[in-house]
Each structure stands twice: as structure tokens, then as C-alpha cells.
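Peer 1: Input: one structure, supplied below.
The values are calculated or read from the model by the stated rules, or taken from the named source; none is laboratory data. Bear in mind that the values here come from a model prediction, so they are computed numbers and not experimental data. Here the Cβ positions follow ideal geometry from the backbone for every residue, glycine too, while neighbour counts run over all protein chains shown.
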Amino acid sequence: GAVVSQHPSWVICKSGTSVKIECRSLDFQATTMFWYRQFPKQSLMLMATSNEGSKATYEQGVEKDKFLINHASLTLSTLTVTSAHPEDSSFYICRAAYGYTFGSGTRLTVV
Amino acid sequence: DQQVKQNSPSLSVQEGRISILNCDYTNSMFDYFLWYKKYPAEGPTFLISISSIKDKNEDGRFTVFLNKSAKHLSLHIVPSQPGDSAVYFCAASGGNRDDKIIFGKGTRLHILP
């Protein structure tokens, strides 16, 4: 149980465009999901907590207008990187608050 | 302010020997501790966890020890195998499943043939 699916696994986009990453809980309902970011050879940093039906809670230093989070259903949370820049290139990972399982991650490259 | 610290960026261990990865934490509110294994461009894989009410948890080749008074935990892997080569992250949480998980910086483990 507690399977978390993340899509896409990798994406390349041009500077200035927006990219949406999906995180789905496949075999359970998750009222809370978490979004992390990992830069190369660094730790997994919590970006925000996504709550179904309400606004996300962002960690200090994370721009909420740049990283839009939507948690419209109990099985899906989305992270949209708006007006992406090369410095947003990173590995984004989600976790659903049911177990301690993480998604497989999304590698974002902004060119 | 780093709440979970892994002070060894890397560790090399001979195959068959014991690997010991260390972790310290500063927040006394942490109630649950986890170890994850991670490969590049993949999500972290859960290995083993321990509640603050215990001092040891064992699962096959993996054992986690917790010294709550010292705010220190360690992961022992014995015997070490080539497939154990990866980055290991120590993590801590409040104890409820919907609590945040806070990660250390990770330790890269190399198992030498």
C-alpha cells in the first residue's frame, strides 16, 4: 500500500514558461501532501505542505506565487513552477501523508 | 538552522564489513526517525525507522540505534554489499503520519569490492 505516483519523471522547458508536476496517491486518500526539492548533491528541502481543499503552507523562503500548489482532490496534488528560470532546475519530489513513501521524483531542467 | 545533521558526506566500507552511518538532531520535538536510501534522479526509498520510545530497531541487515539523551542515531548495515552503495539520508518527524519529514544532508556510502 501507500503507492505515490509522480508525473512526469523528467521535463525540459524554456525560460519563462510554466511547468506542472503531478503527485497522485494510488491506493489511498491523502488530505495532506508534501513537496520537496533537491539540488544536486544536496539535501531534500521541504518546500510546502499541500492540504486538500485549502491553501498550501509554504516553508520560509519559498515563493508561493512562483510555486503554485493545488490539492483539489484527495488523490491529486499539483505543483506548478511558474515563469521558470534556469535556477529552478532541480529535482522535485512529493510525499503523501499516509505513510513514509515518496514519489519517484521529477527532474526539471529549464533552458 | 539545520535540525538534522549528517556530518560525514561520504563513507567507504569494504564489502562484507559493517557500515555505520551517523546522524544527530537538535529538535527535542522529533518523535520518529527514518533512514532513506537514494539514487540520483530517483525518489528516496524508505529503509527503516524508529520511534523515540525505542532504542533499537532491526530489519534484516539494517539496524537503527537511537540515543535520545544524546540526540543521536545511527544506521548499521551488516554485512555491507555492493548494492548498498548509494546516498543515505537520515530524517526526523513529529511522529504522526501527516507530520513533516526533515532530512539531513545525506552520506554517500561506497562499498568497496
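Peer 1: Go through (1) surrounded by fewer than 18 Cβ atoms within 10 Å (Cβ to Cβ); (2) under 24 Å from residue B:30 (Cα atoms); (3) not hydrophobic (A, V, I, L, M, F, W, C) one by one and return the number of the condition residue B:81 breaks.
Peer 2: (2)
Peer 1: Let me ask something else about it. Report, ordered by the first and then the second residue, all pairs with beta carbons closer than 6 Å, sequence separation of six or more or different chains, a first member in the stretch A:86-104 that is over 22 Å from residue B:46 (Cβ atoms) and at the interface with another protein chain (Cβ under 10 Å from one of its Cβ atoms), and a second member that is surrounded by fewer than 17 Cβ atoms within 10 Å (Cβ to Cβ) and of a type in the set (Asp, Glu).
Peer 2: none
Peer 1: Continuing with this model, one more query. Looking at the stretch A:21-37, can you tell me whether even one residue there is modelled with pLDDT of 95 or more and more than 13 Å from chain B (Cβ to nearest Cβ)?
Peer 2: Yes, the stretch A:21-37 contains at least one residue that is modelled with pLDDT of 95 or more and more than 13 Å from chain B (Cβ to nearest Cβ).
Peer 1: Also, I was wondering about something else. Pick from the stretch B:102-113 the residues that are part of a loop (DSSP other than H, G, I, E, B) and not basic (Lys, Arg): which of them is farthest from residue B:73 (Cα to Cα)?
Peer 2: Per the criteria, the residue is B:113.
Peer 1: Please verify whether residue B:54 is modelled with pLDDT of 95 or more and out of contact with any strand residue (DSSP E or B) (no Cβ under 6 Å at 6 or more places or on another chain), treating the condition exactly as stated. Even if it seems obvious, please write down each step before you answer.
Peer 2: Numbers: modelled with pLDDT of 95 or more: yes; out of contact with any strand residue (DSSP E or B) (no Cβ under 6 Å at 6 or more places or on another chain): yes.
Spelling it out, residue B:54 is indeed modelled with pLDDT of 95 or more and out of contact with any strand residue (DSSP E or B) (no Cβ under 6 Å at 6 or more places or on another chain).
Peer 1: Can you name every residue in the stretch A:57-85 that is crowded, with 22+ Cβ neighbours inside 10 Å and farther than 21 Å from residue B:43 by Cα?
Peer 2: Scanning the stretch A:57-85 gives a single hit, A:84.
Peer 1: What strands (runs of 3 or more DSSP E) lie completely within the stretch B:39-101 and have 1 or more residues being within 25 Å of residue A:9 (Cα to Cα) and touching a residue at least 24 places away in the same chain (Cβ under 8 Å)?
Peer 2: B:45-51, B:86-93
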